[in-house]
1. Arranged by the count of other C-beta atoms within 10 angstrom, fewest first, what order do 124, 143 take?
2. Hey, what did region 31-71 get for relative contact order, percent, Cα under 8 Å, at least 6 apart?
3. Could you please rank 34, 68, 147, placing first whichever residue has the fewest other Cβ atoms within 10 Å of its Cβ?
4. Would you mind calculating the gained length between residue 143 and residue 27 on full extension (0.36 nm times residue separation, minus the Cα-Cα distance), in nm to one decimal?
5. Using label points projected 7 Å from each Cα along Cα→Cβ, tell me how many nm separate residue 2 and residue 122, to one decimal.
6. Counting other beta carbons within 10 Å of each residue's own, what order do 121, 47 fall into, fewest first?
7. If r is the Cβ-Cβ distance from residue 37 to residue 152 and R0 is 35 Å, what FRET efficiency results, to the nearest 0.05?
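What follows draws every value from the coordinates through simple rules; no lab data is involved. Keep in mind that this is a model prediction, so the values were computed, not measured. No Cβ is skipped: glycine too gets one built from the backbone with ideal geometry, and neighbour counts run over all protein chains shown.
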C-alpha cells in the first residue's frame, strides 16, 4: 500500500474529506486528490496532517504501527490537553509574532508561493515546539506517577 493510499484510508476512517484536508493545507481538493494519487506530500505536511487529526505518521509514511494515535500518544493526557493548547497559542505568538508581521507588512514583495512557504515554515516551528512540550509533559507525568507509586509502597510497608 502506498503512502497516498494509507493516508486516504486513515482519512476515510476519521471521516475526513479531501476538501477538509485542502482547507487545512490551504490548497484545493483537486490538489489533494493529485497528491494522494501520486504520493506527492512533503514529510512535514504528513506530520502536520497526522498531528492535527490524530493519525500515526509512522503508519502513513511506512505502514508501521497502529493507524490512529490514542489520546495518550497524541497528547500527554486528557487532563493536560487544554493546557498544551493554551501554551500552543503562546508559542505561536512568540514564534510568529515578528515574522508574521514582517510577512503581512511586506506581502507585496513576495509571491503567493513564497508567502505560503514562509507561513508553513512557521507552522513547522510551532509543531516542533509543541512536540517538545508534549514530551516534557509526558515525562513529567511519568516521574510523578513513579513517585506516587514509590510513596504508596513506602506507606504500605509502614
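1. Final ranking by Cβ density, sparse to dense: 143, 124.
2. Across region 31-71, relative contact order equals 25 percent.
3. Least to most surrounded, the residues fall as 147, 34, 68.
4. 37.5 nm
5. 3.4 nm
6. 121, 47
7. 0.05
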